[in-house]
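Heads up: the structure comes next, in structure tokens.
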Amino acid sequence: MTHILFVIAHLQRTGPVNILYNLCRGLLQAGFQTTIVTLRAENADSRIDDFRTLGVLIHSLNATLLDCETRTRHITSHIRGLIKLYRPDIIHAHGYHAVLSVAPLSPDIPSLATLHNRATEDFPNSKGKLIGKYMLTRYMRALRKFRNVVAVSSSTSMPYKQYGLNNLEIINNGIDTFKFSPVTKHHSEKPVFALSGRLEPEKGILDILQAFAQLSYRLIVLGSGSLLEPCRHRFRNTPTIQFMGHTDQVENYLQQADYYISNSQSEGLSLAVCEAISCGLWPVLSDIPSHHDILDTCHIGTFIPRREPTTLSIIQAVETALKITSSPNELHQAIEEHFSEKRMTNDYIHLYNRLTNGTL
């Protein structure tokens, strides 16, 4: 039985954690053994109980964010001790601090890291240019030590290739296509749009809301973030825009809608977009590389034109999408073929076998 030890910062409800959950579920069904080492303590939004229900063994180091940044060698030493205890066949790192901590162990055990974002964009945007450049330098240096590195999409891989990272291949993220599937709708007079994910400035949420305040179509907004309450207050007198906040049943709302819209300015490979399409929603998306990864692969979708004013571009894209007739089942099948949990798991199993067989 092949044993995979995953290292990740925490199990809070984020895209990378959801991907890890899907991967662990698929691996356990395939007869693998899985253990997760988390670097930091969990909060109220943790999925740790979901992982435990699957049967995943979890060991937390309970380090602080400062520890992860400044005491990397200390954390690496702890992980080395856990490797001796659990004796995994492969160690698999997810995320910045996990990569920094696992990289020194790479000569001793087959190892790989998954890249969930375009660090060249995300680090400077979220931390500022100076700190972002420092983080990027550390990250790239650590990634070069891994035997193999996986990007979650073609566009995600491009900035790393430009930095000369050659030990890299692509495994697309995968979702639960059984959970996210179309249902028979009772059609309303007007189409229903949905938006889901973190409500943060880089997601371009404000432009979407301003556009829909000028339209007569219903917009369901799912998710939480720093912009939730300000936007809820600003658009409180726009009855067609409904803020649902955080929900564990995203699929129920997606299945009520006809179209999905996102104006995000940076993504790895958007699970939210894949989930919506898998539910049969026609996507209307910002023209960024990661959205092209999905729509160009599936040969579907409408892009929001890259021109100012953005609000007008969104309105034009919405009106264009409304003229398109699509089959929810065909949309679902496109995601099942290219971005399913099963396909992702099989691709990782193939990679793990190559690592343990010494063919990498």
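The values are calculated or read from the model by the stated rules, or taken from the named source; none is laboratory data. For clarity, every value in this text was computed on a predicted model and none was experimentally measured. Don't worry about glycine lacking a Cβ; one is built from the backbone with ideal geometry, like all the others, and counts go over all protein chains shown. We work out accessible area using only protein heavy atoms, side chains counted, and drop any ligands, DNA or RNA first. Shrake-Rupley method; radii C 1.70, N 1.55, O 1.52, S 1.80 Å.
Please find, among Ala41, Ala9, the residue that is farther than 25 Å from Leu269 by Cβ and of a type in the set (A, V, I, L, M).
Ala41
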Check every one of the helices (runs of 4 or more DSSP H) wholly within segment 221-301 and list those with 1 or more residues that are buried (at least 21 other Cβ atoms within 10 Å of the Cβ).
250-254, 271-278, 289-298
Take the residues in segment 48-61 that are free of Cβ contacts under 8 Å to residues at least 40 places away in the same chain and either touching a strand residue (DSSP E or B) at 6+ places or on another chain (Cβ under 7 Å) or closer than 15 Å to Gly81 by Cβ (or both); name whichever of them is most open to solvent (accessible area, probe 1.4 Å).
Arg52
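For the condition in contact with a helix residue (DSSP H, G or I) (Cβ under 6 Å, 6 or more places away or on another chain), among the polar types (S, T, N, Q) and modelled with pLDDT of 95 or more, what is the one hit in Ser101, Ser60?
On the way: Ser60 fails: in contact with a helix residue (DSSP H, G or I) (Cβ under 6 Å, 6 or more places away or on another chain).
Going through Ser101, Ser60 in turn, just one is in contact with a helix residue (DSSP H, G or I) (Cβ under 6 Å, 6 or more places away or on another chain), among the polar types (S, T, N, Q) and modelled with pLDDT of 95 or more: Ser101.
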Assuming Ile131 fulfils every condition listed in (1) at pLDDT 95 or above; (2) more than 24 Å from Ile171 (Cβ to Cβ); (3) among the β-branched types (Val, Ile, Thr) apart from one, which condition is it?
(1)
So Ile335, is it over 25 Å from Ser181 (Cβ atoms) and surrounded by 22 or more Cβ atoms within 10 Å (Cβ to Cβ)
no
Number of the exception - Met344 against (1) in a helix (DSSP H, G or I); (2) touching a strand residue (DSSP E or B) at 6+ places or on another chain (Cβ under 7 Å):
(2)
Kindly establish whether Glu189 is surrounded by fewer than 17 Cβ atoms within 10 Å (Cβ to Cβ) and touching a residue at least 24 places away in the same chain (Cβ under 8 Å).
no
